[in-house]
Structures are given as C-alpha cells and as structure tokens.
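What follows is a short report on a single structure.
The values are calculated or read from the model by the stated rules, or taken from the named source; none is laboratory data. Quick caveat, the model's predicted, so the values are computed rather than measured. Neighbour counts are summed over all protein chains in view; Cβ atoms, including those assigned to glycine, are modelled from backbone coordinates with ideal geometry.
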Amino acid sequence: MAIIELEPDPATGKRKQRQGGSFPTKRAAQEALAEMVSGHWVVPAQVTLGEYLEDEWLPSRAHRAAATRQQYSWAVGHLVGRLGKAKLSRLTPKMIQQGYADLSAEGLSKTSVQLVGKVLRMALGDAVKRGLITRSPAAVVALPSERRSEIECWSREQTLAFLEAETVRNDRLAVLWRVALATGLRRGELVALRWRDLDFAAKRLFVRQAAALDGYAISFGPPKTRAAIRTVALEDDTTAALIAWRREQAAEHEMLGATPELIFTMADGKPIHPQTLSRIWDRMVRATELPAITLHGARHTHATLLLLGGLPLKVVSERLGHSSIQITADTYQHVLDHMQHEAAVRVGQILGA
C-alpha cells in the first residue's frame, strides 16, 4: 500500500492528494482513508519476507523448545527458498498458494506443506501485531487437506526387480538409481553429490549441498535445514557400485579434459537438472513395466522398507534428513499402523506359546 498525504489546496481550501502519494485505484484510496480514520493504517514494510522471517521472527522464537525451533527453522527454510525475495507488504494470497503448490510438486507431503503454512500464518499474524502489515494474506489461503493420501512406493520384490532390469542395469545412470533407493536422498541432493562427499573406507556419504531451483535456473548451496546436513551409511553393494562408476566416469571425462567434481553428471560433464533427472527416471520405470512411482517415490520406498525391516523410527528420520521425528511419523503413519498390527500378532504368538 502506498502512502497518501493530504494537504489544503490554496485556491479552494479543500484538501488534495500530494504528488507521489497516489493509489492505483479509487477503491484502494478509500480503503486507506478508512484505515487511517480507524487507526489501523501502517506504513508499508519494505523488508522482504525472508529478512523478516530470518532476522526478526525466528530469533523471537528462541525461547521455544529445541524440537519446536527445529520445525520452525525447517519451515522457514522452505518459505525463504520459495517466497523469501517478496516484499512483506507485497505478499499476496495468490503468491502464497503458488508457493504451497510448488512445495507439493517438489515432493513434500501434505503434512509437511501444512506445517510450512501454519508457520507462515503464525509469522504473518505476528507481523500484523507488530504493525508491519495491516492483514495477513496467509490467513485466507487454504492449506492442503488433512486427509492423508497413499504413499507411493515399491515392495522389496519390486525394488529388486527394478535394479535388476536389463534396461536399468544398462542405463548410464544405473548407479544413481541404486543410490536413490539405497539412501533415500532427495532429488536435489542426488544431483549435488560430490566425490569429496564420499568416504569409501568408512562406507558413508555426507550430504553437504543440494540443488535449488529459481524458476528453471539451477544453483548449488548448503541444504536449507540443519537436519538435512547429515551422514548416510552405505552398504557393500552400493559402495562397490560407486567405486566402479568412478573409474567409468573418469574415462568418460578424460576426453573432456576435465576432472569431475560431481558424482553424477550429464555425458558432457554438465550438472543434471533435477527436472531432467525426474523425466529420465519416469522413462526407466515405464520400461520396466513396474507400478509407476515418481523419483520421490524412491525415497518413500527406502524409508518404508527400512521401517518394515524393523529399523527404529529415529534412525530412519535422521537418515532422511527430517527436521523432526514427528514429520517422519506423520508421513509413514500407514507403515507404523501395519507394524503395530504385526507387533500384536507377535505378542499373541509369544503369549500363546
């Protein structure tokens, strides 16, 4: 909202609008005047949403419990990545709705997008109380439905069938597909992996950077949340596959006269765009005639198989880089329900023995 200033007209004695303080519409001017009369009008905030969230709002929550602060920090990371450059006073419901849609398209669960939305509502509500904005545009934007949708993933047999399919084994990115299913890394983390992020002796990799999209442009930087910076243990077969791929890639890049930094690249040595990676994955899945799942479904497959295998929820949460164990529990509630049933059956067997 622009500032409107009224001053007396020397000729008529009536007040007129000073030059430079005009509003785009008559209705906007009337609303501004009404706010001034009611005492609700404030000078528009010039800070961006990102500056407000990171410099003012998050520090004001320092007194909250550590787990709560982690959730806030995780949500703010996603908000800054999508809407951070927008001026706080120019943020609109349409921009917020698109931000939620983009997060869903990236593979965030409904529960995770709901958390992002609830944090934004809270932060903008505080901005209203502080007089930075007159009303919260997030208050009128509906969050994703609370109803859980079915998690798309493969069974153990389907996962093995994919990895053993001739089309997949002969694909140039065969090792990437194995790493995706064996580690549960996000799409942006897979394409950002560097050779220096691998410890072959200890059989582990370090997630230290991720790809970020600004429109279609890709950039690399630290993961958005502290929990996403993590160590992921590797099993023998995946470690061996990476060692073999390093030799193949070195030979491939020898003709380019460059030493590859990224573990996975296009044939010409350029980084793989995350959207391109998703399209190649979809083509691979269609070729195997297995049930269609997205590349993010490989992450769900990894987590689901670990939980069904009896791995503690906390370990799975840390492996996935979730900012709280609650996010993991909410996302894979269907698996936990199944495990509860299996536990009841097991108890019955023990007591009936």
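Would you call Ala75 at pLDDT 90 or above and over 29 Å from Tyr332 (Cβ atoms)?
The answer is no for Ala75.
So for region 159-166 (the condition being small (Gly, Ala, Ser), within 27 Å of Leu277 (Cβ to Cβ) and either modelled with pLDDT of 95 or more or crowded, with 19+ Cβ neighbours inside 10 Å (or both)), does at least one residue qualify?
For region 159-166, residues small (Gly, Ala, Ser), within 27 Å of Leu277 (Cβ to Cβ) and either modelled with pLDDT of 95 or more or crowded, with 19+ Cβ neighbours inside 10 Å (or both): present.
Per-residue answers, yes or no, for (1) under 25 Å from Phe220 (Cα atoms); (2) of a type in the set (A, V, I, L, M); (3) in contact with a Gly (Cβ under 8 Å, 6 or more places away or on another chain):
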{"site": "Leu290", "(1), (2), (3)": "no, yes, no"}
{"site": "Ile293", "(1), (2), (3)": "no, yes, no"}
{"site": "His302", "(1), (2), (3)": "yes, no, yes"}
{"site": "Lys314", "(1), (2), (3)": "no, no, no"}
{"site": "Asp330", "(1), (2), (3)": "no, no, no"}
{"site": "Leu336", "(1), (2), (3)": "no, yes, no"}
{"site": "Glu342", "(1), (2), (3)": "no, no, no"}
{"site": "Gln349", "(1), (2), (3)": "no, no, no"}
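Condition first: touching a residue at least 60 places away in the same chain (Cβ under 8 Å) and either within 20 Å of Asp214 (Cβ to Cβ) or loosely packed, with under 15 Cβ neighbours inside 10 Å (or both). Can you find one or more residues in region 54-68 that meet it?
yes
Would you mind telling me which numbered condition in (1) out of contact with any strand residue (DSSP E or B) (no Cβ under 7 Å at 6 or more places or on another chain); (2) farther than 18 Å from Asp330 by Cα; (3) touching a residue at least 60 places away in the same chain (Cβ under 8 Å) Gly81 fails?
Unmet condition: (1).
Considering only helices (runs of 4 or more DSSP H) fully contained in region 256-353, which possess at least 2 residues that are modelled with pLDDT of 95 or more?
274-288, 295-308, 313-320
I need the full set of residues from region 268-319 which are farther than 18 Å from Val168 by Cβ and either exposed (fewer than 15 other Cβ atoms within 10 Å of the Cβ) or outside the structural domain of Phe162 (by TED's automatic domain parsing) (or both), in order please.
The answer is Asp268, Lys270, Gln275, Gly309, Gly310, Leu311, Pro312, Lys314, Val315.
Right, Leu307: farther than 21 Å from Glu164 by Cα, of a type in the set (A, V, I, L, M), free of Cβ contacts under 8 Å to residues at least 60 places away in the same chain and in contact with a Phe, Trp or Tyr (Cβ under 8 Å, 6 or more places away or on another chain) or not?
Yes; evaluated as a whole, the condition is true for this residue.
Only one of these is within 21 Å of Ala228 (Cβ to Cβ), among the β-branched types (Val, Ile, Thr) and in contact with a helix residue (DSSP H, G or I) (Cβ under 8 Å, 6 or more places away or on another chain): Thr111, Thr167, Thr159, Thr134. Name it.
Only one candidate passes the filter, namely Thr111.
Of the residues Leu234, Leu198, Leu193, Leu163, which single one is more than 16 Å from the chain's Cα centre (by Cα) and closer than 19 Å to His300 by Cβ?
Testing whether each residue is more than 16 Å from the chain's Cα centre (by Cα) and closer than 19 Å to His300 by Cβ leaves just Leu163.
Can you work out which of the residues in region 234-262 that are without any contact (Cβ under 8 Å) to a residue 40 or more places away in the chain and among the small types (Gly, Ala, Ser) is surrounded by the fewest Cβ atoms within 10 Å (Cβ to Cβ)?
Gly257
Condition (residue is under 21 Å from Ser317 (Cβ atoms) and either touching a residue at least 40 places away in the same chain (Cβ under 8 Å) or among the aromatic types (Phe, Trp, Tyr) (or both)) applied to region 207-216: is it met by at least one residue?
Looking for residues that are under 21 Å from Ser317 (Cβ atoms) and either touching a residue at least 40 places away in the same chain (Cβ under 8 Å) or among the aromatic types (Phe, Trp, Tyr) (or both), one finds at least one in region 207-216, hence yes.
How many of the residues making up region 114-128 are out of contact with any helix residue (DSSP H, G or I) (no Cβ under 6 Å at 6 or more places or on another chain) and among the hydrophobic types (A, V, I, L, M, F, W, C)?
The total comes to 3.
Out of Ala123, Ala138, report the one residue that is buried (at least 18 other Cβ atoms within 10 Å of the Cβ), touching a residue at least 60 places away in the same chain (Cβ under 8 Å) and of a type in the set (Gly, Ala, Ser).
Of the residues listed, the single one that is buried (at least 18 other Cβ atoms within 10 Å of the Cβ), touching a residue at least 60 places away in the same chain (Cβ under 8 Å) and of a type in the set (Gly, Ala, Ser) is Ala123.
Pairs under 9 Å by beta carbon, first residue closer than 19 Å to Ser155 by Cα in region 170-188, partner crowded, with 22+ Cβ neighbours inside 10 Å and among the acidic types (Asp, Glu), six or more apart or different chains?
Pairs that qualify, where the first residue is closer than 19 Å to Ser155 by Cα and the partner is crowded, with 22+ Cβ neighbours inside 10 Å and among the acidic types (Asp, Glu), are Thr183/Glu189.
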